[in-house]
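The values are calculated or read from the model by the stated rules, or taken from the named source; none is laboratory data. The shown structure was predicted, so the numbers you read here are calculated from the model rather than taken from an experiment. Reconstructed Cβ throughout: ideal geometry from the backbone, glycine too, with neighbour counts over all protein chains shown.
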Amino acid sequence: MEGYSYSQIKKELGVSKSTLSAWLKHYPLSDERIAELTSKNHQRIENYIKTRRAQKEKILKEFYDREKSAIFPLSKRDLFIAGLFLYWGEGGKTKESELVFSNTNPAMVKFYMYWMGKSLGFEKQKIKIKLHLYKDMLIEKEINFWSKELGVKKSQFIKPYIKKSNKGDITYKSGFGHGTCNVAVANAILGKKVLMGLKAIEDYFNN
């Protein structure tokens, strides 16, 4: 059993680790063998991590596919209600004549604009966008980013608000990479429609 690891010898002899340690305390492994066993242990650990990661990814993929099938396609009513709840959480509610939605996540802003078009019938070309940026951010670069992401013309962007702090000062791990995008629509009819829809939801749960 020369060169065997403790685990290998234990398996062969069927003894406890403490007994084996007592037997072999005067017979240490060579530096070469220790290095070899350590290398093997590292490989086993790496293989274990890869296996666990693959198992996790498989489980998440199964959940993803199941939830995607349950959610889509969205009906007209599904879309309208989803947009209302999104606006309830992230939209401005102080003016009946204006709808303002703010977020740092391009996907959420895209959904909001999709909802505005499909559920409220508002043309994307009439939307005005104001960015909230940090003083160490390049204005033109961020306008180009949001213009491309949202599929809107740069002429729809109004003068951005520049915060005095730097983007690098933020400690959050995600978000704020391209500032906050504020989408504004001046339309009294749509404003009343959305705000009264939210009031109906609020009253329903309050009562």
Strands (runs of 3 or more DSSP E) wholly in region 95-182 with at least 2 residues that are of a type outside the set (Ser, Thr, Tyr) and under 22 Å from Leu79 (Cβ atoms) - which ones? 98-103
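Is it true that Lys164 is among the basic types (Lys, Arg) and either farther than 27 Å from Glu96 by Cα or not assigned by TED's automatic domain parsing to the domain that holds Lys93 (or both)?
On the way: among the basic types (Lys, Arg): yes; either farther than 27 Å from Glu96 by Cα or not assigned by TED's automatic domain parsing to the domain that holds Lys93 (or both): yes.
Judged against the criteria, Lys164 is a match.
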Looking at Phe111, Phe63, Phe101 in this structure, which one is of a type in the set (Phe, Trp, Tyr) and without any contact (Cβ under 8 Å) to a residue 12 or more places away in the chain? Phe63
Members of region 98-132 that are surrounded by 17 or more Cβ atoms within 10 Å (Cβ to Cβ), among the aliphatic types (A, V, I, L, M) and either under 23 Å from Lys167 (Cβ atoms) or touching a Cys at 6+ places or on another chain (Cβ under 6 Å) (or both): Val100, Val109, Ile129, Leu131
When the residues of region 75-94 are filtered to those that are surrounded by 14 or more Cβ atoms within 10 Å (Cβ to Cβ) and not in a helix (DSSP H, G or I), which remaining residue is nearest to the chain's Cα centre (by Cα)? Gly91
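Within region 121-161, how many residues turn out to be more than 27 Å from Ser97 (Cβ to Cβ) and touching a Phe, Trp or Tyr at 6+ places or on another chain (Cβ under 7 Å)?
As a first pass, look at region 121-161 and keep what is more than 27 Å from Ser97 (Cβ to Cβ): 134-142, 144-145, 148-149.
So of that shortlist, the ones also touching a Phe, Trp or Tyr at 6+ places or on another chain (Cβ under 7 Å) come out as none.
Within region 121-161, residues that are more than 27 Å from Ser97 (Cβ to Cβ) and touching a Phe, Trp or Tyr at 6+ places or on another chain (Cβ under 7 Å) number 0.
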Select, from Ile158, Ile129, the only residue that is without any contact (Cβ under 8 Å) to a residue 60 or more places away in the chain, touching a helix residue (DSSP H, G or I) at 6+ places or on another chain (Cβ under 6 Å) and not acidic (Asp, Glu). Ile129
